1. For the subset of region B:1-58 comprising residues that are more than 7 Å from chain A (Cβ to nearest Cβ) and under 13 Å from residue A:94 (Cα atoms), which member is modelled with the lowest pLDDT?
2. Mind checking whether some residue in region A:232-247 is in a helix (DSSP H, G or I) and of a type in the set (Lys, Arg)?
3. Testing residue B:209 on (1) modelled with pLDDT of 90 or more; (2) loosely packed, with under 14 Cβ neighbours inside 10 Å; (3) not acidic (Asp, Glu), one condition comes back false. Which one is that?
4. Condition first: part of a helix (DSSP H, G or I) and facing chain B (nearest Cβ under 10 Å). Now tell me which residues in region A:172-191 satisfy that.
5. Among (1) within 9 Å of another protein chain (Cβ to nearest Cβ); (2) over 20 Å from the mean Cα position of the chain (by Cα); (3) polar (S, T, N, Q), there is one condition residue A:226 misses while meeting the rest; what is its number?
6. Which one is nearest to residue A:131 (Cα to Cα) among residues in region B:263-272 that are touching a residue at least 24 places away in the same chain (Cβ under 8 Å) and surrounded by fewer than 18 Cβ atoms within 10 Å (Cβ to Cβ)?
7. Take residue B:199 and tell me if it is on the phi < 0 side of the Ramachandran plot, under 20 Å from the mean Cα position of the chain (by Cα) and either buried (at least 20 other Cβ atoms within 10 Å of the Cβ) or β-branched (Val, Ile, Thr) (or both).
8. Using the structure shown, decide if residue A:255 is of a type in the set (Gly, Ala, Ser), outside any loop (DSSP other than H, G, I, E, B) and closer than 13 Å to residue A:73 by Cα.
Amino acid sequence: MSSATLTASAVNNAARRGNALGRRLLIISAWLVFAFFLLLPLFVVATEALKQGVGVFVASILEPDAISALKLTLLAVGIAVPLNLVFGVAAAWCVSKYEFRGKSILVTLIDLPFSVSPVIAGLIYVLLFGAQGFFGPWLREHDIQIIFALPGIVLATVFVTVPFVARELIPLMQEQGTQEEEAARLLGANGWQMFWHVTLPNIKWGLIYGVVLCTARAMGEFGAVSVVSGHIRGYTNTLPLHVEILYNEYNHVAAFSVASLLLLLALFILLLKQWSESRINRRKASAGEE
Amino acid sequence: MSRRTSPVIPGFGLTLGYTLVYLSLLVLIPLGAMFVHAAQLTWDQFWAIISSPRVLAALKLSFGTAFLAAIINGVIGTLLAWVLVRYTFPGRKIIEAMIDLPFALPTAVAGIALTALYAPNGLIGQFATSLGFKIAYTPLGITLALTFVTLPFVVRTLQPVLADIPREVEEAAACLGAKPLQVARHVLLPALLPAWLTGFALAFARGVGEYGSVIFIAGNMPMKTEILPLLIMVQLDQYNYVGATAIGVLMLVVSFILLLLINLLQRRISRS
């Protein structure tokens, strides 16, 4: 068939059919990639955990060492996340509301922990506070233990999660500008009133989003905590470290049972994330209408 | 340092001060201390540590697998971002929500799950075994683990950029007679490349330092499947703090140079 005999509409139809086919192929391959890379690992965790029945699964989770690991993880997260929450708000505030020299350097420094290996994050605290570290002799004199104890675990967790809240808030607050705050000030609000009644409601969902991401990482941190924890069972073992110990002891069912507990937490976090994200979008949409 | 644009809004000194003190105490001073600690070594001693065959093998493995994983993510991440932004189809919301799973899932969990999957008798590993090769306990397994943990980076950096390119631009190009590949090359590629590089760099940096997901699937054989972060751990377990510090400094410096190069490339692209 020569091209001259094709009418314009036929060309169009052919192109559209080609597009539809390409589109279907792309969607199918996206599904395959998704199933292969993301769904299969989930499926494996669940099946391995339940291999010997629900009884063994429940027993592995309720075992005293697992419970104390869970408690330690929650405690470390409970200290690290609020610290980084306050830092994130302060950092986002000064970066987004003012212009000053060196701002881009400051933003780079805030992001720095993302490109440092977690193992190095642990290492630097060992060099500072370990028995042979800079402060080692002084700490021993005063009977303070940081490495191989809770403070070390908290420090390592804080380090790897420093950027999360700030990173979510900075673009959001930059977009919002300073007009509303200025209006509040002109109407006589003091600094705190302005923050509580104007800024905070505006950034609420972004804040929740950042905290959710921060919590996920804090709860799952492995490399950094592994360096500073010392792996003392029942004392300085977090949940991810407990998974490692069980796995290395060839107690696979118990390892996957505890892992599936962490997986459930991760899925819950994704739900929270989705929810806060949809609230941010809704807020943006309603702001656009006004 | 203070050049305020909005003098009405209070809190500049407080928030900047707090940010600087917090960052210095928790991040900058400890990182600096590592470099000070490394300075105990003479240049020759430092060189002897980082040029030992075991360190060089680990260096090649870590950066090589992280690079490969970032490339794989560059491809499948672009596919996922494109499909999620441009098409509506059954299950779109599920994929969209689950893309971030690798960030939410503790890396140790990812590590043992992938090992169970790709081990010689595992769900996928058994097919490899019958074909006569291994996935787990080889660099291939390490690459797959890194691909999993860094999967969201490229998708999440491309999505907003893709959503911002008006479809009319592509349609206009197509109406003017451009073939789909020409549209991709002349319209989409220049717009997407800077974001793509950002995603690539983030995935690469994370992959180089990644520990938890890799150590289970790697097999950790010195010279063959031993990654740099693990080598630091090995030194620490032997109380060889100087060795650990030297490797740590090497890792930071090499990653920093690579990120700088990617940054420069990005600037050149967005300028042209």
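The values are calculated or read from the model by the stated rules, or taken from the named source; none is laboratory data. All of these numbers come straight from a predicted model, not from anything done at the bench. Backbone-built Cβ (ideal geometry, glycine too); neighbour counts: all protein chains shown.
1. B:7
2. no
3. (2)
4. A:179, A:181, A:182, A:183, A:184, A:185, A:186, A:191, listed by residue number.
5. For residue A:226, the exception is condition (2).
6. Restricting to residues being touching a residue at least 24 places away in the same chain (Cβ under 8 Å) and surrounded by fewer than 18 Cβ atoms within 10 Å (Cβ to Cβ), the top hit is B:263.
7. Numbers: on the phi < 0 side of the Ramachandran plot: yes; under 20 Å from the mean Cα position of the chain (by Cα): yes; either buried (at least 20 other Cβ atoms within 10 Å of the Cβ) or β-branched (Val, Ile, Thr) (or both): yes.
For residue B:199, the condition - on the phi < 0 side of the Ramachandran plot, under 20 Å from the mean Cα position of the chain (by Cα) and either buried (at least 20 other Cβ atoms within 10 Å of the Cβ) or β-branched (Val, Ile, Thr) (or both) - is met.
8. Considered against the rule, which asks whether it is of a type in the set (Gly, Ala, Ser), outside any loop (DSSP other than H, G, I, E, B) and closer than 13 Å to residue A:73 by Cα, residue A:255 comes out as no.
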